[in-house]
Every structure is written in C-alpha cells, then in structure tokens.
1. So, in nm, how far is label residue 62 from label residue 39 when the simple model puts each one 7 Å beyond its Cα toward the Cβ?
2. Taking the alpha-carbon centroid of each part, what is the distance from segment 21-39 to segment 44-67 in angstrom?
3. Got a sec? Which residues in segment 26-47 would a label at residue 114 touch, if it sits 7 Å along Cα→Cβ and we count backbone N under 15 Å?
4. Between residue 72 and residue 100, what is the label-to-label distance in nm when each label sits 7 Å out along the Cα-to-Cβ direction?
5. What's the ranking of 57-66, 28-37, 14-23 by average number of surrounding C-beta atoms within 10 Å, highest first?
6. Using a 1.4 Å probe, what is the accessible area per residue for the chain, in Å²?
7. Which aspartates and glutamates have a Cα lying under 15 Å from the Cα of residue 64, excluding residues fewer than 8 positions away in the same chain?
8. Report the extension gain between residue 1 and residue 17 in nm, rounded to one decimal, defined as 0.36 nm multiplied by the number of residues separating them, less their alpha carbon distance.
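The values are calculated or read from the model by the stated rules, or taken from the named source; none is laboratory data. Worth saying up front: this structure is predicted, and the values here are computed from it rather than measured. Here Cβ is always computed from backbone atoms with ideal geometry, including for glycine, and neighbour counts include all displayed protein chains. Ligands, DNA and RNA are stripped out before the accessible areas are found, and what is left, the full protein with its side chains, is counted by its heavy atoms. Shrake-Rupley method; radii C 1.70, N 1.55, O 1.52, S 1.80 Å.
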Amino acid sequence: QVRLVESGGGLVQAGGSLRLSCVASESISRINLMAWYRQAPGKQREFIASVTGGGSTNYADSVKGRFTASNDNAKNTVFLQMNSLKPEDTAVYYCAAIFNGFNWGQGTQVTVSS
C-alpha cells in the first residue's frame, strides 16, 4: 500500500491561486500513475488531473488551461498548481497513487469564494 500526505488547501477568493502537494511513502517513479481527484458537496468524486513519473500529464476539460500537475521524483512528491480559481472549484481535493489499485490521500479542503 502507498500512503499519501497532502497539504496546501485553504480559502481563496475567485481568481486566486493555490498549490497542493502530495508526498508518497513510496518512490513515485515506481508508481504507475499519480492523479488528483475532487469531490464537491453532493457530487461524485471526479478526476481532474494525472501525472506520470516521466512528467506526462492529462486533465479534465473543466480545469484545462488553469491547473497544472507536476512531479518531483527525488522527493516522492506530486503537485497541483491551481490558477484562476472559480467558486465551482470548491471541493475536497484528493491525491491518488494508482498502484495495485487506488491509494488515496486524506483529502484537503479547497474553498473559493466569490
């Protein structure tokens, strides 16, 4: 099992930025895929971004051009830079290590005020 520790959530006004971090207990170079998901109140958890150990990324349409996922393999860490935040981005954000199934972080609250 891969254990993940997230940080960086908080309260920000619309148009602002936040940077989320996720530190893994295993070398992320050996993990198939790292990903970010979010879950808004009353909604299902949704995929927002992924990043491979080689730095290849994929994004949901809702965040393309605003969010950037990246990795620092030496520190077993992945990041999610969130710019131009909107109130509809308000959710609990989860890091996932897709390695023998989904291994989830504890989640961090992101609240965007209007």
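1. About 1.4 nm, to one decimal.
2. A separation of 12 Å, based on Cα centres.
3. none
4. 2.8 nm
5. With the highest mean Cβ count within 10 Å placed first, the list reads 28-37, 14-23, 57-66.
6. On the way: 5910 Å² over 114 residues.
About 52 Å² of surface per residue is accessible.
7. 46, 88, 89
8. Numbers: separation 16, 0.36 × 16 = 5.76 nm, distance 3.16 nm.
Once the chain is fully extended between residue 1 and residue 17, it gains 2.6 nm.
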